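The values are calculated or read from the model by the stated rules, or taken from the named source; none is laboratory data. These numbers were taken from a predicted model, which means no experiment stands behind them. Quick reminder, even Gly has a Cβ in these numbers, built from the backbone with ideal geometry, and neighbours come from all protein chains shown. Accessible surface is based on the protein model in full, side chains and every heavy atom, while ligands, DNA and RNA are left aside. Shrake-Rupley method; radii C 1.70, N 1.55, O 1.52, S 1.80 Å.
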Amino acid sequence: MFYLQGSQMLQSLENSLRKYLPESLKVYGTVFHMNQGNPFKVKALVDKWPDFNTVVIRPQEQDMTDDLDPYTNTYLIYSKDPNNCQTFLGSSEVINWKQHLQIQSSQASLDKVIKRLGAINLGNVKHTECFLYMIPETAKKLAPSLVDAKNLVCNSDKPKPINQELFKFASLDVTHAALVNSIWHFGGNEKSQKFIERCIHTFPSFCIMGPEGIPVSWALMDHTGELRMGGTLPQYRRQGLIYHIASQQIQALRNLGFPMYAHVDKANFTIQRMAARMAYVTMPCTWNQWNYVPL
């Protein structure tokens with residue numbers, strides 16, 4: 001096992017991961033932000049260097065003090081050889097299988113080895129698989145072979161402009177984390193709220209303030225560079241607000257040079273339609289999350 005430190009090693013890792021997109025996307029996005037100051041203070045481990053087979057991004061040990069917090073205890077994995085990375089991933093120096101944790105990857109092919117390790121460590125594993133998209137500007141830069149010019153024409157069926165007398169664009173404050181948490185599909189608990197607070201504090205966030213003076217629609221990003229946790233209060237849905245938030249978010253992050261991508265639940269047809277409107281590029285691989293609970 002090798003712990004990659006220093007800007008030269010991490011930049012080399014980013015350059016290498018770029019060659020394996022889109023399967024390396026979750027890890028690539030994280031390493032990109034590690035090279036932009038590493039605001040979430042994560043670290044990169046590889047099985048060997050420089051010709052690695054498997055890379056794992058994980059928090060620092062001192063940050064993983066709560067064994068019951070899978071939002072902090074999150075691992076990002078990419079492997080060139082998903083069928084033969086069990087020994088590395090099974091090491092307690094790489095993954096702490098005594099904790100509640102989650103693993104994210106753009107490789108569904110890791111499913112067998114992760115479930116096997118879950119069973120070996122006497123825990124339960126739940127796998128969630130979603131559609132994975134790149135924002136057009138990111139796809140053109142990072143994965144041009146996946147871009148079909150015919151599909152980059154945005155659908156003309158766009159929502160009408162927002163009523164600027166009722167709605168104002170703004171940024172989220174950490175005090176809004178409870179509101180975001182209340183409707184986040186993967187949240188709804190105290191530990192997820194702390195994770196949301198950290199994302200709001202660390203990265204750009206976007207929202208539309210409603211007439212009551214609170215956010216009614218919003219979009220965030222996490223430490224992997226993914227556009228996540230977007231949502232609209234139930235009473236303000238079907239007005240196209242999330243489309244306008246996503247458009248503003250993409251414009252702002254494009255200006256910062258960030259790679260942008262997102263996942264959408266396979267049953268969320270509303271956001272899938274929005275993705276089509278905005279010419280999101282569908283990836284041939286999927287977004288995957290494994291939640292592990294030791295018994």
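Every residue in the stretch 103-124 that is open to solvent by less than 60 Å² (accessible area, probe 1.4 Å), outside any helix (DSSP H, G or I) and more than 27 Å from R273 (Cα to Cα), please. Result: I103, N121, G123.
Across the stretch 248-295, the number of residues qualifying as in contact (Cβ under 8 Å) with a residue 24 or more places away in the chain and open to solvent by less than 50 Å² (accessible area, probe 1.4 Å) comes to 29. Within the stretch 186-231, the only residue that satisfies the criterion of being β-branched (V, I, T), open to solvent by 20 Å² or more (accessible area, probe 1.4 Å) and assigned to a helix (DSSP H, G or I) is T202.
Checking H100, H127 one by one, the residue that is within 27 Å of E23 (Cα to Cα) and either buried (at least 16 other Cβ atoms within 10 Å of the Cβ) or modelled with pLDDT under 95 (or both) is H100 and no other. Here Y71 passes the criteria (1) closer than 19 Å to F88 by Cα; (2) open to solvent by less than 70 Å² (accessible area, probe 1.4 Å) except the one numbered (1). Residue count for the stretch 168-216 under the criterion of being out of contact with any Asp or Glu (no Cβ under 9 Å at 6 or more places or on another chain) and aromatic (F, W, Y): the result is 4.
Any residue in the stretch 170-195 that's more than 12 Å from Y71 (Cβ to Cβ): show its pairings with residues that are small (G, A, S) and assigned to a loop (DSSP other than H, G, I, E, B) at Cβ separation under 6 Å, as long as the two are six or more apart or on different chains. Listed by first residue and then by second, the contacts come to S171/S205; L172/S205.
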